[in-house]
Amino acid sequence: MPVASDLPEFDTPHLARAVEALSDAAVDSLPFGAIRLDDDGVVAYYSAAERRLSGSGDRVRIGIDFFSRIAPCMDNPDFRGRIERARTAGTLDLEFSHVGDFEDRDRELTVRIQSASAGGLWIFMRRE
């Protein structure tokens, strides 16, 4: 098991690249959630940390459209629209606040979204 001091922090520059250099076990032990979507918005990776911290449980996530079937509450101009506007501008390195979670719809999250090196994107979520 990785030592916490060896893991990237939420505010690490180029967080996506740092996470991509980790084993799945290390990503699962991060103190924040990590989700990777392919170019079509389908979940390619959904960390155990995200399952635990969000309260979303062990439901199947891999291969499922994130915005329509997992988090339709994020399929709006403030969340998904922000991602699409950044992609159109050619820059996918966002950080913003979002309110709502599986267990607590009033919980504030800090969200970072960055391009994945193999295409698609990473969504990192820190619960306050």
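The values are calculated or read from the model by the stated rules, or taken from the named source; none is laboratory data. Given the structure is predicted, the values throughout are model-derived calculations rather than measurements. Because the Cβ atoms are built from the backbone with ideal geometry, glycine has one as well, and the counts that use them run over all protein chains shown.
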Completion exercise
Checked the stretch 1-12 for anything of a type in the set (Ser, Thr, Tyr) and part of a loop (DSSP other than H, G, I, E, B); matches are Thr12
Practice task
Restricting attention to helices (runs of 4 or more DSSP H) lying wholly within the stretch 13-128, give those where 3 or more residues are of a type in the set (A, V, I, L, M, F, W, C), buried (at least 20 other Cβ atoms within 10 Å of the Cβ) and modelled with pLDDT of 90 or more.
Solution key: 15-20
Exercise for the section: Taking only the stretch 7-57 into account, find how many residues are within 18 Å of Leu109 (Cα to Cα), free of Cβ contacts under 8 Å to residues at least 24 places away in the same chain and aromatic (Phe, Trp, Tyr). Expected result: 1
Handout entry: Near pairs, Cβ below 7 angstrom, 6+ apart or cross-chain, from the stretch 70-88 (over 18 Å from Phe124 (Cβ atoms)) to any residue that is among the hydrophobic types (A, V, I, L, M, F, W, C) and assigned to a helix (DSSP H, G or I)
Key = Asp75/Phe67
